[in-house]
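Let me begin by presenting the structure, written as structure tokens, before commenting on it.
The values are calculated or read from the model by the stated rules, or taken from the named source; none is laboratory data. Everything quoted here is computed from the prediction, not taken from an experiment. Quick reminder, even Gly has a Cβ in these numbers, built from the backbone with ideal geometry, and neighbours come from all protein chains shown. Remember, those area values only see protein heavy atoms, side chains included, never the ligands or the DNA or RNA. Shrake-Rupley method; radii C 1.70, N 1.55, O 1.52, S 1.80 Å.
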Amino acid sequence: MRLGPLDLKSNLFLSPLAGYTNLPFRLAVREVGGLDLATTDLVNARSLLEKNPKALKLIQTCPADSPLAVQLFGSVPEEMRDAALQLESLGIASVDINMGCPVRKVCRVGGGSAMMTELDKTAALVKGMVEAVRIPVTAKMRLGWDDQNITAPDLARALEDAGIAGIFVHGRTREQGFGGTVSLAGIRAVVQAVRTIPVIGNGDVITSQAARKMLDDTGCAGVSIGRGAFYNPWIFQHTLQYLRSGELLPEPQFEERVRVMCRHLDLMVEVFGDEHGSRMFRKVAPWYSKRFGPANEFNKQVVRVSSRAEFHEVLERYIAWRRQFLDDAGELKPRFQPGPMVASFMQEPAVAQREHIPVPKGPVEVW
């Protein structure tokens, strides 16, 4: 897998999720294995140039968090160029431009999905960034503004001509947000629109089978995973194994899920401090518990913790409460086991289809 001059060990990527893909989460997923290039939360280019403390915290990294891409949003060419130069000087491996965020406050300043409506202006902005830095510049986009304005293929061609190193495309429009079905045909149209650059598919990849179907049906060079990594931080490791050998590894045991969850919290405390890190973890822990089986007691209590010690008290009480749902072998009784996860574009008989995957609440209302 190559993005311009950047050689990668995997064609699986961690997508940027505003408020979630911070340094602790990236490190937790990297420790599980299977991930190479990860991307930060979206960062305002102007805030980065002004050295805003919040923006600098978003790009915080360490040697174990490599290779790393930083996702920028903005619509002023000079600011985007200068922010890319600053990131290059800091040793960042790649710069990604957000052209897909559907949030109103990003779009109304000409960033995010709004960049898909003005192709010439967007291509000129990209060209200025590409010519300024030696590291690869990529773009993350949606299929278009709405079903009547599917601009991704035309935009991809324009960006390729401008020198972009790769395209990440979410198979929904801005109007869809995160509801409805991901269009594999839409991603395939973007793949077919470009000549030489890799296109990486994205959207509802929550299982190894979904990753393989997206690769097979679209011809994309790789897959970028966001919310699927919150359901299952092992998805990168398991998907690599599945793509290489066809072997589907079993879901991690409860004890392994708890171990990684606690490691994630430890990293949050290291980076953000005990109280702030623990409070931030209130919105993260319920994502781990989605595959615990019955977890209402855990979820009710974990959203109130303010320290690592409080979290572990809640966890110990939950483990004791959960025993009532286990059989003699210590496994969840069949009727309490979580159902299989199914992507919106996977048609599997006798499996209930989700209309959409829940979107975690964060500082950006809808990523």
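Computed quantities for the displayed model
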read-out: Placed amide H near residue 72: partners under 5 Å, 5+ positions off or other chain; value: 43, 96, 97, 98
read-out: Convex hull volume of segment 213-314 per residue (C-alpha atoms, cubic angstrom); value: 119 Å³
read-out: Tally of Lys pairs whose C-alpha atoms are under 23 Å apart, taken over the chain, 8 or more apart or cross-chain; value: 26
read-out: Solvent exposure of the chain as accessible area per residue, Å², 1.4 Å probe; value: 43 Å²
read-out: Interatomic Cα distance distribution for the chain, bins of 20 angstrom, percent; value: 30, 58, 12, 0
read-out: Residue 299 paired with residue 76, simple spin-label distance in nm, labels 7 Å along Cα-to-beta-carbon; value: 4.3 nm
read-out: Using a Förster distance of 45 Å, the FRET efficiency for residue 89-residue 149 (Cβ separation, nearest 0.05); value: 0.75
read-out: Separation of alpha-carbon centers, segment 170-245 and segment 1-70, rounded to whole Å; value: 19 Å
read-out: Trypsin sites (Lys or Arg not before Pro) within segment 150-230: DSSP coil, no more than 12 neighbouring Cβ in 10 Å; value: 195
read-out: Exposure rule at most 13 other beta-carbon atoms within 10 Å, DSSP loop GluC sites (Glu not before Pro): the chain longest free segment; value: 51-246
read-out: Sulfur and carbon atoms: percent of accessible area, the chain [1.4 Å]; value: 49 percent
read-out: Computed [θ] at 222 nm, helices only, for the chain once each DSSP H run of length n ≥ 4 contributes -39500 (n - 2.57); value: -12000 deg cm²/dmol
read-out: Mean separation of Cα contacts under 8 Å (6+ apart) over length of the chain, as relative contact order %; value: 16 percent
read-out: Whole-Hz couplings from phi, Karplus 6.51/-1.76/1.60, listed for segment 4-9; x for Gly and Pro; value: x, x, 8, 8, 10, 8
read-out: Selection from 64, 281, 267 lying farthest towards where the dipole of the chain points positive, charges on Cβ; value: 281
read-out: Dipole moment magnitude, nearest 20 debye, the chain about Cα centre, only Lys, Arg, Asp, Glu C-beta charged; value: 500 debye
